[in-house]
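One structure is given below, encoded as structure tokens.
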Amino acid sequence: MRKLTVRAAVTFCAAVSLATVMGTADAAPVASPRSAHTIAQESTRPAVPTQPVIVDCFGRPQVEPGAFVLACGDGNSRLTSLRWSRWDAGSAVATGVNVVNDCKPYCAAGTFRKYPVTVRLDRPQTWKKDPQAAQYTRLRLVYTDSRPAGYGQSVAYPLWN
């Protein structure tokens, strides 16, 4: 008799759950369909221009940040003291400092050294996370004085999307 009671209880609960789900679906309000006229208006409406952003290591959009991490994995290269003279639909330009770990004798024991740079952001494209926004996809550094060992006077980095 106990097996029959448990089986009946399980069957009853399943039936109640199914009825609840079906009842909820039936009770849900039906959205009114958009007319062809509304759809045509939306497709001819110009896109709202947005100021391009630079996306940080956490996937957050930034506009004219004062600092920016280049080496997201270990933080061994970052930009600080950024002063932006331009930030528009085509490009952005700033001066600042590239702080780089020399990793000598190894990164955990290395020394962070400072190098003055000019930063240029360009190649704006649609941001995958928000198709209504644009993001810069390339960052170029020009070392205006000394530079880290092994670096050229100008270095370009693709930015993540």
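Couple of notes before you dig in:
- Shown here is the pair-distance distribution of segment 54-158: with all Cα-Cα distances grouped in 5 Å bins from zero up to the longest one, the shares run 3, 12, 22, 25, 18, 11, 6, 3, 1, 0 percent.
- Surrounding net charge for VAL99, when Lys and Arg each add one and Asp and Glu each subtract one, Cβ distance under 9 Å: +3
- Calculated FRET efficiency for the pair GLN153/PHE58, C-beta based, R₀ 25 Å, to 0.05: 0.25
- Highest average packing first - 76-83, 120-127, Cβ atoms within 10 Å: 120-127, 76-83
- Put a plus charge on the Cβ of each Lys and Arg, a minus charge on the Cβ of each Asp and Glu, and nothing anywhere else: the dipole of segment 101-153 about its Cα centre is then about 80 debye.
- Long-range HN-HN contacts of VAL53 with modeled amide H, under 5 Å: ALA134, GLN135, TYR136
- Positive minus negative residues near GLY59 (Lys, Arg vs Asp, Glu; Cβ under 13 Å): +1
- For the pair GLN132 and ASP145 in one chain, pulling the backbone fully straight at 0.36 nm per residue adds 0.8 nm over the alpha carbon distance.
- Backbone amide hydrogens, once placed in the peptide plane, bring VAL69 within less than 5 Å of CYS57, LEU79, excluding anything fewer than 5 places away on its chain.
- Modelled spin-label separation between VAL93 and ARG113, with each label point placed 7 Å from Cα along the Cα-to-Cβ direction: 2.8 nm.
- Placed amide H near CYS103: partners under 5 Å, 5+ positions off or other chain: GLY110, THR111
- Using θ = phi - 60° and Karplus 6.51 cos²θ - 1.76 cosθ + 1.60, couplings along segment 147-156 (whole Hz; Gly, Pro as x): 8, x, 4, x, 8, x, 4, 10, 10, 10
None of the figures in this text is laboratory data; all of them are computed from the coordinates on show. Since we're looking at a predicted model, the values are computed, not measured. Cβ: placed from backbone, ideal geometry, glycine included. Neighbour counts: every protein chain shown.
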